[in-house]
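> First the structure, then my questions, so here it is.
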Amino acid sequence: MNAAFFPGGDVLLTFSLAGLLLVPCRRLKTSSLVALSLFFLAQPLEWAYAAVQWMHPGWVPPSLSVAESYASLKSTVDTGNFWVMAWENLTTGQWASLAWGIEAGRLMQAPGLFLLGFVLGRQDFFLQNDGTAVFWTRGLLFSLAGACAFYVVMCLPGLPGPVHTVFSMWHNVCFTGVWVAGFVLLYRLEYFRKATAPLLTYGRMSLTNYVSQSVIGSLIFFPYALGLAPYCGYLTSFAVGFAAMTGQIWFCRWWLERHRYGVLEGLWHRATWLAAGKVSAPEHR
């Protein structure tokens, strides 16, 4: 559904594939999870490409025709025909998104981040106490230093393509660490918790909101509907997005007052949890 409205930008397929890794890994020791996470975050595919290039100068990694796929997607969006656009998004668009993830290093990065998040949650690093505050403060400083260092390296001239991808992804991971650590530390402050309180219900319906963002944005900006993209600059587009998000927050509050789960979250829950005999679905809040 998300892919039908989002040309070549659907990340849910990539995340679902990467998320499958968590199922067989859920009972592994924490040390094994950390090692596996570091393996994926190290970008082994790109290092393999770099090794082949070093042994065979002039060799280039196989092309997955990402640019050609995105050009095809744009032409179908411009037709203004929803059904043509949706079919192209569900076929060429899904391939373009997956192929871009491979070429950009995201397909390796995603499972590494999933496993890392699993470890942080298992070790209770998201609890609010002095011990975790020290951990996140150190994490913030190390992430900031790493982001700066890797950015400098990735900007060096003459860097082989695969090596550039590696350092680009490492920069992104470190910069993500800056955001996460900064948010967790700010959340210790009462005024910040109050300011971000509307995001509590928004997060409980994150799948619904993510997909509905694609639907709303498509209806507003694409030619098959209102087609306002050519007339909206950055500021106008930001205002439209802010208004849409405000409406989503209001809807989340209204819905969750009447239902346990979000719209798509409830469907996902029913589709993936089975009850047999005395084994019943766990409660998710």
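The values are calculated or read from the model by the stated rules, or taken from the named source; none is laboratory data. If you're wondering where the values come from, they're calculated on a predicted model, not measured in any experiment. Virtual Cβ from ideal backbone geometry, glycine too; neighbours counted across all protein chains shown. Heavy atoms of the whole protein, side chains included, go into the accessibility calculation; ligands, DNA and RNA do not. Shrake-Rupley method; radii C 1.70, N 1.55, O 1.52, S 1.80 Å.
> Choose one of Trp273, Phe39, Ile216: the residue whose Cα lies farthest towards the positive end of the charge dipole of the chain (beta-carbon charges +1 Lys, Arg; -1 Asp, Glu; about the Cα centre).
Positive-end residue among those listed: Trp273.
> Need one value: the accessible area of Val163 in square angstrom, 1.4 angstrom probe, rounded to the nearest 10.
Approximately 20 Å² for this residue.
> Let me ask you something else. For the chain, what is the charge dipole size about the Cα centre, in debye to the nearest 20, if Lys and Arg each add +1 at the Cβ and Asp and Glu each add -1 at the Cβ? Display every interim value, and only then the final one.
Working: 17 positive and 12 negative charges, 210 e Å.
Value, rounded to 20: 1000 debye.
> Where Lys and Arg each count +1 and Asp and Glu each count -1, what net charge lies around Trp268 among other residues with Cβ under 14 Å from its Cβ?
Residues near Trp268 contribute +2 overall.
> Normalised radius of gyration for the stretch 188-272, please: alpha carbon Rg relative to 2.2 N^0.38 Å, two decimal places.
1.29
> Continuing with the same structure: If you take every residue apart from Met85 with its C-beta less than 14 Å away from the C-beta of Met85, what net charge results, scoring Lys and Arg +1 and Asp and Glu -1? Please list the in-between numbers first.
Working: positive: Lys74; negative: Asp10, Asp78, Glu88.
Value of the local net charge: -2.
> Mean projection of the alpha-carbon convex hull of the stretch 133-285 over all orientations, in nm²?
15.3
> Another one. Find me the longest stretch of the chain that has none of the exposed GluC sites (Glu not before Pro), where exposed means in a DSSP loop (not H, G, I, E or B) with at most 16 other Cβ atoms within 10 Å.
My reading of the result: 1-256 is the longest stretch.
> Expressed as a rounded percentage, what relative contact order does the chain have, with Cα pairs under 8 Å and six or more residues apart?
22
> Accessible area of the chain with a 1.4 Å probe: how many percent of it is carbon plus sulfur?
The nonpolar share, carbon plus sulfur, comes to 71 percent.
> Of Phe142, Phe114, which has the most accessible area with a 1.4 Å probe, and how do the rest follow in descending order? Provide the component values of the computation, followed by the final result.
On the way: Phe142 155, Phe114 60 Å².
Reading off the accessible areas and sorting them downward yields Phe142, Phe114.
> Hey, another quick one. Is the shape of the stretch 104-153 rounded, prolate or oblate, going by the alpha carbon gyration tensor and its root eigenvalues a ≥ b ≥ c, with a/c under 1.5 for rounded and a/b larger than b/c for prolate?
Taking the square roots of the gyration eigenvalues as a ≥ b ≥ c, the stretch 104-153 is oblate.
> Right, next: So what does Tyr191 come to for accessible area, using a 1.4 Å probe and Å² rounded to 10?
Spelled out: Tyr191, probe radius 1.4 Å, area about 150 Å².
> Moving on. What are the semi-axes of the equivalent ellipsoid for the stretch 41-143, taken as the square roots of 5 times the Cα gyration tensor eigenvalues, largest first, in whole Å?
37, 25, 10
> I've got another one for you. Might you report the magnitude of the Cβ-based charge dipole of the stretch 112-201 about its Cα centre, with Lys and Arg at +1 and Asp and Glu at -1, to the nearest 20 debye?
With Lys and Arg at +1 and Asp and Glu at -1, about 100 debye.
> Separate question: Please work out the average accessible area per residue across the chain, using the 1.4 Å probe convention, and give it in Å².
Each residue of the chain exposes 61 Å² on average to a 1.4 Å probe.
> If you don't mind, there's one more thing I want to ask. Out of all Cα-Cα pairs in the chain, roughly what percent, to the nearest whole number, are more than 27 Å apart?
Considering the chain, 55 percent of its Cα-Cα pairs are separated by more than 27 Å.
> Something else now. Only Cα pairs under 8 Å and at least 6 apart count here; give the relative contact order of the stretch 145-212 as a rounded whole percent.
27
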